[in-house]
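Peer 1: I have a structure here, written as structure tokens, and I will follow up with some questions on it.
The values are calculated or read from the model by the stated rules, or taken from the named source; none is laboratory data. Keep in mind that this is a model prediction, so the values were computed, not measured. Every residue, glycine as well, gets a Cβ built from its backbone with ideal geometry; the counts of neighbours run over all protein chains shown. Surface accessibility is based on the protein's heavy atoms, side chains included, excluding ligands, DNA and RNA. Shrake-Rupley method; radii C 1.70, N 1.55, O 1.52, S 1.80 Å.
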Amino acid sequence: MNRTAHLLRQGWASGGLALMASLRSVQEMLGTVAFVAAFCVGLSFMRGRAVEGTSVDAATAALPGVLGLSVVFTGVVATAMVLATEREDGTLLRAKALPDGITVYLIGKIVYAAALVLTTVALLVLPGLFLFDGLAAGLARGWPLLLGVLLLGMVATIPFGAVLGSLFDNPRLVNAVGAVPIFALTGISGIFFPITALPEWLQWIAQAFPVYWVGLGLRSAVLPDSMLSAEIGESWRHLETMGALGAWAVLGLVLAPWLLRRTARRVSGANVEKARQKAMQRV
């Protein structure tokens, strides 16, 4: 227990340092603000229109999808790009040299990504409380579930970002190749439109991955029961959501450290220098 607590403290400190570095980066902060601003403007155009057959504001109905997208993008794609970058700059090599360094590294990435996602969620939700009808009432009722799904969703997706990042040694490849199946999976997971509109075989594929369950959990936390007609079985399926996300979290936390250690064994000072030279040539 003492060793576990020590690893958690070290991982928390590592994630905190990464977060502080990110907050000092003007480019990263501008990217986050641009993401939030773009979706706030897009959602504002949907204000005042109700979802067909309900009294739910269309902007409020779409917001859980935006929150789900931020979880998936940060947890998988952004984490994979950071890992690929840190293979190049020697960060992973330094982590390998420390006792339990890979475990601490992974915990730090979870803490860092969780902080980014929660910040993005806050920036989206706070103005939404004043702009989107019904959002305040939904959050007053469902904020514990919202927070629980966000945290469990991040733990379920971030390790797979580490898995994806371990497969590529070039951040541009992650963005150009690795992100494609993630966005395709997001497209069939009901994040932005009812999954029941898809063929049944696609619905089964979507339900096999955590993206669908993150979206469903967030919708159940924010939206009223009048929106259940668009869901499979007309149910929020809370137990299934927690069970599926929990299973993916356990699988990811078992698989990611093993793959990271395997990747780290292939990293050497010579590899880092070669990668650095390639990165300079790309620049």
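Peer 1: Using a ≥ b ≥ c from the Cα gyration tensor of the range 139-203 (square roots of the eigenvalues), is it rounded, prolate or oblate, where a/c under 1.5 gives rounded and otherwise the larger of a/b and b/c decides, a/b for prolate? Please report the intermediate quantities before stating the final value.
Peer 2: On the way: a/c = 2.91, a/b = 1.32, b/c = 2.20.
It comes out oblate by the Cα gyration axes.
Peer 1: Percent relative contact order of the range 173-245, based on C-alpha pairs within less than 8 angstrom and at least six residues apart? Walk me through the numbers on the way to the answer.
Peer 2: Details: 48 pairs, mean separation 22.0, N = 73.
Reported relative contact order: 30 percent.
Peer 1: Over the range 8-132, what percent of the accessible surface lies on carbon and sulfur atoms, probe 1.4 Å?
Peer 2: On the way: 4140 of 5920 Å².
Reported share for carbon and sulfur atoms: 70 percent.
Peer 1: How high is the relative contact order of the range 188-229, in percent, counting Cα pairs under 8 Å that sit 6 or more residues apart? Working shown, then result.
Peer 2: On the way: 20 pairs, mean separation 15.4, N = 42.
Dividing the mean separation by the residue count of the range 188-229 yields 37 percent.
Peer 1: Let me ask something additional. By the gyration tensor of its Cα atoms, with a ≥ b ≥ c the square roots of the eigenvalues, what is the shape of the range 1-122: rounded for a/c under 1.5, prolate for a/b over b/c, or oblate? The partial results should precede the final answer.
Peer 2: Numbers: a/c = 3.19, a/b = 2.25, b/c = 1.42.
Prolate, because a/c is 1.5 or more and a/b exceeds b/c.
Peer 1: Another question, if that's okay. Sorting check: for 63-76, 245-258, 141-154, 41-54, which peptide has the highest mean count of neighbouring beta carbons within 10 Å, and how do the rest follow? Please report the intermediate quantities before stating the final value.
Peer 2: Details: 63-76: 25.4, 245-258: 17.5, 141-154: 19.2, 41-54: 13.3.
Descending packing order for the listed peptides: 63-76, 141-154, 245-258, 41-54.
Peer 1: Something else now. Among 82-93, 193-204, what's the highest-first ranking by average C-beta atoms within 10 angstrom per residue? Walk me through the numbers before you get to the answer.
Peer 2: Details: 82-93: 20.2, 193-204: 12.7.
So the peptides 82-93, 193-204, ranked by packing, come out 82-93, 193-204.
Peer 1: Ok, one more. Over what distance in Å are the Cα centres of the range 141-215 and the range 81-112 separated?
Peer 2: Each part's Cα centre sits 23 Å from the other's.
Peer 1: Are there any helices in the chain, counted as whole DSSP H runs, that stretch 30 Å or more along their axis by Cα and score at least -1.0 on average by Kyte-Doolittle, and if so which?
Peer 2: Numbers: long enough: 2-23 (31 Å, 0.20); 101-131 (45 Å, 2.05); 135-167 (44 Å, 1.71); 238-265 (41 Å, 0.70).
Qualifying helices: 2-23, 101-131, 135-167, 238-265.
Peer 1: Here is a further query. With a/c under 1.5 counting as rounded, go ahead and sort the range 99-243 into rounded, prolate or oblate using the C-alpha gyration tensor (a ≥ b ≥ c being the square roots of the eigenvalues; past the cut-off, prolate if a/b is larger than b/c, else oblate). Mind showing how you got there, number by number?
Peer 2: Details: a/c = 1.96, a/b = 1.35, b/c = 1.45.
Cα axes put the range 99-243 in the oblate bin.
Peer 1: So, in nm, how far is label ALA247 from label ASP225 when the simple model puts each one 7 Å beyond its Cα toward the Cβ?
Peer 2: 2.7
Peer 1: Can you tell me the relative contact order of the chain? Whole percent, Cα pairs under 8 Å, sequence separation 6 or more.
Peer 2: This gives 27 percent for the chain.
Peer 1: Also: Using the charge dipole of the range 142-248 (Lys, Arg: +1 at Cβ; Asp, Glu: -1 at Cβ; taken about the Cα centre), state which of GLY161, TRP201, LEU223 has its Cα farthest towards the positive end.
Peer 2: Highest projection toward the positive end goes to GLY161.
Peer 1: In addition: If I compute Cα Rg over 2.2 N^0.38 Å from the structure I just sent, which labelled value in (i) 1.04; (ii) 1.23; (iii) 0.97 lines up?
Peer 2: (i)
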